[in-house]
Amino acid sequence: MKDKNLRLDTRVTHSGRAPAEHFGMVNTPVYRASTILFPNLAALEAKEGAKLRYGRRGTPTTHALEDAICALEGSERTLVAPSGVSAISVVLMSYAEPGAHFLVTDSSYGPTRKFCEFTLRKFGIETTYYDPAIGAGIESLIRPETKLIWMESPGSQTFEVQDVAAITETARRHGIATAIDNTWSGGYFCQPIAQGADISLQAGTKYISGHSDVMLGTIACSAAVYDRLRETYLRFGICVSSDDAYLALRGLRTLGVRMNHHHASGIEVANWLLEQPEVLRVMHPALPQDPGHRMWKKYFTGASGLFGFVMKPVDHDALARMFDGFSLFGMGSSWGGFESLIVPSNPSVYRTATEWNPGGQTVRLHVGLEDPADLISELRMGFDRLRA
Ligand SMILES: *Cc1c(COP(=O)(O)O)cnc(C)c1O
């Protein structure tokens with residue numbers, strides 16, 4: 001990227017493109033490759049230093065995506081992985097060693113926890129889960145063998161916002177690496193590397209791709225930790241197809257307009273939900289009454305379309321009447337696409353450091369790019385069916 005002083009929307013538009021290198025084409029084309037040929041023996045013998053040497057080690061298309069993510073996240077380096085979960089595993093594995101200790105927020109994404117519990121534990125790595133509201137208090141949990149502090153802000157089920165700078169500053173004093181799952185913001189509303197994190201990763205599956213048709217993970221990081229991450233990445237043979245990298249770049253170009261739309265519509269739907277008699281509480285950090293609002297204002301420039309609410313206790317048949325009648329809100333895993341989604345969730349079952357007893361049914365919404373008035377009228381009809 002030519003100019004780091006350009007503003008975010010301009011960087012997202014121009015990064016990862018080099019038309020002069022590709023016959024003038026606006027977009028870096030899909031380069032499909034396994035073998036890459038060298039012109040002579042000397043070039044073959046010098047391949048260690050070559051930028052392009054074998055398909056698994058990247059193509060111009062995947063490099064373009066890495067450059068674009070660097071511009072988005074404000075990072076020195078980026079690695080791209082075939083899913084958000086693979087990005088998570090690469091980062092966690094990179095700090096794993098016998099006897100190591102990790103600190104992981106209690107609000108973290110389920111598969112992150114599972115990697116710690118099922119994979120890392122087998123190798124003698126211990127994980128302590130901490131209250132997402134801990135802030136600088138994280139210091140009391142640090143041990144001599146603590147190697148990594150993991151954050152996710154806001155938590156993608158329960159939406160607590162973390163005091164990232166307090167945690168990264170504490171970690172730095174102790175020489176501990178910090179990683180944060182930045183999927184919620186799409187990297188557009190928050191750049192955690194500037195807040196002191198060593199690593200900001202995303203499920204690029206979500207907002208970066210934005211169209212519910214790509215699996216992708218992105219690991220943006222400082223130069224200081226890049227070699228360590230890259231070593232794990234190479235050893236596991238992680239790579240992304242150029243077709244998927246191309247689709248992600250295509251999605252990325254409209255990230256700004258999409259995110260601003262998700263922001264405005266999400267707040268409109270959240271405010272409407274606040275007034276419904278069935279709703280006990282809305283978990284959306286951009287709402288002034290949300291407990292994370294002050295932190296959200298400090299660390300984010302906007303809110304994505306993903307948030308939650310808690311309904312008064314309902315019986316399962318009534319919930320099914322409500323959910324089965326939706327046509328604009330789909331039911332399924334993931335989020336961050338152009339379309340709206342709704343799923344019931346039960347965060348109580350996995351929490352260990354904190355309790356999640358909201359007093360009713362937790363629901364997660366993704367507000368897509370539809371007209372919010374249509375989404376609200378669909379939700380209104382859903383509550384009517386619930387009462388029927
Ligand atoms: C979906 C998700 C992931 C995992 O992404 P995949 O691409 O589905 O593997 C990681 N973190 C968060 C917060 C997510 O919501």
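The tail of the calculated P(r) for segment 146-219 beyond 17 Å holds 43 percent of all Cα-Cα pairs. Centre-to-centre separation between the Cα atoms of segment 174-198 and those of segment 244-295: 19 Å.
Give me the base-10 log of I(q)/I(0) for the chain at each q in 0.09, 0.11 Å⁻¹, Debye formula, one uniform scatterer per Cα, rounded to two decimals. Listed by q, the Debye log ratios stand at -0.54, -0.79.
Beta carbons within 10 angstrom, averaged per residue: use that to sort the peptides 334-345, 308-319, highest first.
On the way: 334-345: 20.4, 308-319: 15.8.
Descending packing order for the listed peptides: 334-345, 308-319.
For segment 256-387, the pair-distance distribution built from all alpha carbon pairs, in bins 5 Å wide starting at 0, is 2, 10, 20, 24, 22, 14, 6, 2, 0 percent. When the Gaussian network model of the chain links Cα atoms closer than 10 Å, the mean-square fluctuations of ALA64, ALA270, ALA353 top out at ALA353. Remark: relative contact order (segment 165-240) = 23 percent; criterion is Cα-Cα distance under 8 angstrom and separation of 6 or more residues. Considering only MET215, MET25, MET283, the Gaussian network model of the chain with Cα springs below 10 Å gives its largest mean-square fluctuation to MET25. For the pair segment 139-157 / segment 39-53, the C-alpha centres are spaced 41 Å from each other.
The amide H of MET283, built 1.01 Å from its N in the peptide plane, has GLY308, PHE309, VAL310 as neighbours under 5 Å, considering only residues 5 or more places off or on other chains.
Dipole orientation for segment 8-252: of the candidates VAL90, ALA46, THR61, ALA46 has the Cα lying most toward the positive pole (charges on Cβ; Lys, Arg +1; Asp, Glu -1). Against the main long axis of the alpha-carbon atoms of the chain, helix 242-252 sits at an angle near 50°. Between SER222, SER185, SER327, the GNM of the chain built on Cα springs shorter than 10 angstrom shows SER327 fluctuating the most.
Annotation: amide H of VAL314 within the under-5 Å range of GLN361, sequence separation 5 or more or interchain, hydrogens built in the peptide plane. Applying the Karplus relation 6.51 cos²θ - 1.76 cosθ + 1.60 with θ = phi - 60° to segment 64-69 yields 3J(HN,Hα) values of 4, 5, 4, 4, 5, 5 Hz, where x marks Gly and Pro. Cβ crowding within 10 Å, taken as a proxy for footprinting-reagent exposure, orders GLU76, GLU160 from fewest neighbours to most as GLU76, GLU160.
A helix-only calculation puts the chain at -10000 deg cm²/dmol for mean residue ellipticity at 222 nm, using -39500 (n - 2.57) for each DSSP H run of at least four residues, averaged over all residues. Ordering THR218, MET311, ILE138 by the projection of their Cα atoms onto the charge dipole of the chain, which places +1 on the Cβ of Lys and Arg and -1 on the Cβ of Asp and Glu, puts THR218 at the extreme positive end. In terms of surrounding Cβ atoms within a 10 Å radius of their Cβ, GLU139, GLU97 rank from fewest to most as GLU97, GLU139. Counting every other Cβ atom within 10 Å of each residue's Cβ, SER304, SER140, SER86 order from fewest to most as SER140, SER86, SER304. Note on ARG172 and LYS122: with the Förster distance fixed at 30 Å, the Cβ-Cβ geometry gives a FRET efficiency of about 0.50. Its Cα centre serving as origin, segment 230-327 has a Cβ charge dipole (Lys and Arg +1, Asp and Glu -1) of approximately 580 debye. Computed about the Cα centre, the dipole magnitude for the chain is approximately 840 debye when only Lys and Arg (+1) and Asp and Glu (-1) carry charge, each at its Cβ.
Dipole magnitude for segment 256-387: about 520 debye, using +1 per Lys or Arg Cβ and -1 per Asp or Glu Cβ, origin at the Cα centre. Amide H contacts for ILE180 (H built 1.01 Å from N in the peptide plane; partners 5 or more residues away or on another chain; cut-off under 5 Å): MET151, ILE199, SER200, LEU201. Here the label points at GLU48 and GLU97, each 7 Å from Cα along the C-beta direction, are separated by 2.4 nm in the simple model. Between THR35 and GLU145, the simple spin-label model (points 7 angstrom out along Cα→Cβ) gives 4.9 nm.
Once C-alpha pairs closer than 8 Å and six or more residues apart are averaged by separation and normalised to the residue number of the chain, the relative contact order reads 16 percent.
All of the numbers you see were taken from the coordinates with simple rules; none came from a lab. Being a predicted model, the structure only gives us computed values, none of them experimental. Positions of Cβ are backbone-derived with ideal geometry, glycine not excepted, and every protein chain shown enters the neighbour counts.
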